[in-house]
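Step one of this worksheet: look at the structure below.
The values are calculated or read from the model by the stated rules, or taken from the named source; none is laboratory data. Owing to the predicted nature of the structure, the values given are computational and were not obtained by experimental measurement. Here the Cβ is made from the backbone with ideal geometry for all residues, glycine too, and neighbour counts use every protein chain on show. Heavy atoms of the whole protein, side chains included, go into the accessibility calculation; ligands, DNA and RNA do not. Shrake-Rupley method; radii C 1.70, N 1.55, O 1.52, S 1.80 Å.
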Amino acid sequence: NTVSLGAELTIKDITQPVIIPVTLSNQDNELYMTGQISIDRTLWGIEYSSSNFFTDLGDRAIDDLIEIEFELYAEAS
């Protein structure tokens, strides 16, 4: 079962809305949630070695997209 969760992510005191697609499964009173999201670090003011802000970096540029993957597990008590 895949759903989209709306959330707010705060980095360096900057808050941005994000939509996180997650997969939910429930087995034997245990809930599993997995997901993945790509965020653009420059939206949170992280501009270090970004080719969007510095044009002379060449192959020293750092990609602006950050991949975040997670797995959550909850057990009924």
## Note on the structure
Here the FRET efficiency for L5 versus N52, based on Cβ atoms and R0 = 22 Å and rounded to 0.05, is 0.20
### Query
Taking the alpha carbon gyration tensor of the chain, what are the square roots of 5 times its eigenvalues, largest first, to the nearest whole Å?
34, 13, 10
### Query
Roughly speaking, to the nearest percent, how much of the chain's 1.4 Å accessible area is carbon and sulfur?
51
### Cut-off 20 Å (backbone N to label point 7 Å along Cα→Cβ of K12), residues of segment 50-77
50-58, 60-68
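Find the accessible area per residue for the chain; the probe is 1.4 Å, ligands and nucleic acids are left out, and the unit is Å². Kindly include the intermediate steps, with their values, before the conclusion.
Numbers: 5870 Å² over 77 residues.
Accessible area per residue, the chain: 76 Å².
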